[in-house]
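Readers should treat all values here as calculations from the given coordinates under stated rules, not as data from a laboratory. Note that the coordinates shown come from a computational prediction; the quantities given were computed from them, not determined experimentally. Because the Cβ atoms are built from the backbone with ideal geometry, glycine has one as well, and the counts that use them run over all protein chains shown.
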Ligand code: PRX
C-alpha cells in the first residue's frame, strides 16, 4: 500500500510561507488557536457559525449522534435559498452581482442578487404549476448556464429534492439516476456547447426516459434558435415559457434542518452509483462556513470555481456556499483549451478574478502547454488559488504557485468528497504550505490516519484516512441503501472511512495518496471500475472485463481495460473503437478506457472475484503482494 512511500522525502518537503498580511486579515485568524477553541467546545463552535445565518426557527440541540446516524440543528427550520438570496436582497447586497456567466461566443449574462431571486421565484412557481411539491425529486441535466443554477435554487425554494446529473453522462447513466431517485420532472436544455460544437442533450434525455415511468414532465431551456426544438404539449415545457403568467413572488418553503436538500450520485465499488443525500441545515452551515474561511472570501472578491454544478464541487462551491456568503460568482462554459490555451487566463484578466478554484488535472495540462500562455495575460488580480479532486503533486503545486500565484497567492489544496459535502482538510490561508500535502483538518472536524484496526499510525507513516466524529454537512444516507451508508462508518469501527490512503507527516500535515478501493480518479472524477466493466460486458462481443487505473501524467489516472471476448469475436482496432464508443454513450466520455487489451484469462480468487490488484501490479511491473487467494 504505502510500502514504497519515501517517508524521508515527505519529511524533507519544504514549507512555503505566505505573507503575514494574509493571516492578519483572514476570517479564521490563528489556525491553531481556532482549532483548539473548536476542540474545547464543538457545539459552541458550530452554533456560533450557524447563528451568522437566518433560521425560521432556531434549533433545540446542535447535534444528535446515534452511531452511525447523525442529525444536526434539531427541530430548526430554514430555507437555504432565503440565506443564499433573500438575506442579501434585504441587506446591503441587493444590487451586488451574484452571478456572471460567459458563453463561448463572448456573450455575457449578469445577475444581481435581486434579479437572481426574481428568476428563482418565478421558475419555482413554474415548477409548482407542474405539480412539483416538497419532497418530490427533480432531475437536472443541463449544461453550465445560469438556468442550471436557477433550476437548483428553484427546487430548494419549494422543497423539491434535486438530483443534478452532469451533462457529460450518457443514456444509461442518466436513466439509472432518474429511476433510482424516481424523478418526477427532468429539467434539461436542447444543446450544450463545447469547443464550438453543439451537443444535443435532448436526444440523450429522450433515450434515457424511454424506460423511466416516474417522469411526468420535461422542462427544456431552448438555446437553438433555428429551428427551435418542438415540444410535446402537456408533457414538454419551455424553460422560460414556464415562467410566464406565474406570480413573481414565491415564499420560501419552510424546511426542517434534516429535510433532504438534494441527492447526488457518486461512483462506488459496485456497478450502481450511490445516491448521496444531503440535508438542508447542516449542509448550509458547512458550505457557508468553509466557503467563507477556506477561500477567505471578502466582499470585493470575484470568485471562479471551474467545476460544473453536476459534481459536488459545483453544488457546494459554485452554488450554495458562495451564494450563502454573498459572493460574486463567475461561471463559464468555456473550456481551458478553446479557442486557445490562454482562454482561462484571459477570463481571469477580463473578469478580475481574485479567488480561483480548479483541479490538478487542469493545472498539469497547463504545465504541459507552457508558461507563455498565462504570461500573455495580467492575472495579478488573483489573491487565493485552490485545488480539488485529486492529489496536487509537488511539481504541479510549485508550478501553480509560481506561474499562476506569482509566488504570492496561498494555495488551498482542499481534500473532501461528495459524501462530506464540505471541505475537510486544507492548509488554511495564512498557514505555511507544504507541496504534496493537503494540510490539516479544518477547524470543526477531526481527522486522522489510522491502520485497519482504527489505531492512529505514528507520524511519518501511512494508512487509511478517517474522519473521527460527525460533522454538519455529512451525508445522512445513501438513497434507498442503508447498508451502503453503514459501510462508511463500519469499515473501521467508530469512524468515517473515506476510502483514501494517506500519510501523516511529523508536523501533522496530511498527504492524500489515492483511493484504497476500486474507484479510479480520472481527471478528478470518480469512476467505479465495476461501472466501466458492466458497460463493457453490456456490449455483445464481450464476455468478461476487468478495469484498472494506470498512473497518467495529466489525468492522474487513465483507465485500462482487460477484455475477454465471446466466442466468435475477434480482437481488432475496429472492435476497440466500438467498445470505447459503447462506454462513451453508456456512461459518458469521462469513463472511456484509454487502452483496451484482449486477454484469454483474468486473475481471480477461488471464489471467482477478479483480482484487479494483480492485474495492476503486472501492468506496472510491481510486486502483486499477497496472492495466496489467487486461483491457479
Ligand atoms: O480520493 C479523494 C479525491 O477525490 C475523492 C472524492 O471524490 P468526489 O466525491 O467526486 O469529490 C471530489 C470533489 C470534492 C476523494 O476520496 N480527492 C478529492 N480532493 C482531493 C482528493 N485527493 C487528494 N487531494 C485532494 N485535495
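Here are the numbers:
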quantity: Residue order, fewest to most surrounding Cβ atoms within 10 angstrom, among 256, 105; calculated: 105, 256
quantity: More than 12 Å apart - percent of Cα-Cα pairs taken over the stretch 532-592; calculated: 67
quantity: Residues 356, 166, sorted so that the one with the fewest Cβ neighbours within 10 Å comes first; calculated: 166, 356
quantity: Nearest-0.05 FRET efficiency for residue 129 and residue 230, computed from C-beta distance (R0 25 Å); calculated: 0.75
quantity: Over the stretch 1-145 - Rg/Rh using Cα atoms and the Kirkwood inverse-distance radius; calculated: 1.08
quantity: Highest-first arrangement of 383-394, 399-410, where packing means the average Cβ count within 10 Å; calculated: 383-394, 399-410
quantity: Segment residue 595-residue 627, extension gain: residue separation times 0.36 nm, minus the distance between their alpha carbons; calculated: 9.0 nm
quantity: Residue 543 paired with residue 15, simple spin-label distance in nm, labels 7 Å along Cα-to-beta-carbon; calculated: 6.0
quantity: Alpha carbon centroid spacing (whole Å) that separates the stretch 64-128 from the stretch 317-361; calculated: 19
quantity: Peptides ranked, highest mean first, by Cβ atoms within 10 Å: ranges 328-338, 12-22; calculated: 328-338, 12-22
quantity: Hypothetical label at residue 254: residues of the stretch 112-137 whose amide nitrogen lies under 17 Å (7 Å Cα-Cβ projection); calculated: 134-135
quantity: Additional length obtainable on full extension of the chain from residue 482 to residue 554, 0.36 nm per residue less Cα span; calculated: 22.3 nm
quantity: Tensor-based shape of the stretch 80-262 (alpha-carbon gyration tensor, a/c under 1.5 rounded, otherwise prolate or oblate); calculated: oblate
quantity: Cα centroid separation - the stretch 465-511 against the stretch 384-401, whole Å; calculated: 24
quantity: The stretch 417-475 shape via C-alpha gyration tensor axes, a/c threshold 1.5; calculated: oblate
quantity: More than 19 angstrom apart: percent of Cα pairs within the stretch 530-632; calculated: 43
quantity: 5 Å binning of all Cα-Cα separations within the stretch 321-368, expressed as whole percents from 0 upward; calculated: 5, 15, 27, 27, 15, 7, 3, 0
quantity: Sites residue 338 and residue 461, calculated FRET efficiency, Cβ-Cβ separation with R0 41 Å, nearest 0.05; calculated: 0.40
quantity: Burial ordering of 366, 45, fewest other beta-carbon atoms within 10 Å first; calculated: 45, 366
quantity: For the chain, projected area of the alpha-carbon convex hull averaged over all directions, nm²; calculated: 27.9
quantity: Percentage of interatomic Cα-Cα distances in the stretch 239-383 larger than 25 Å; calculated: 44
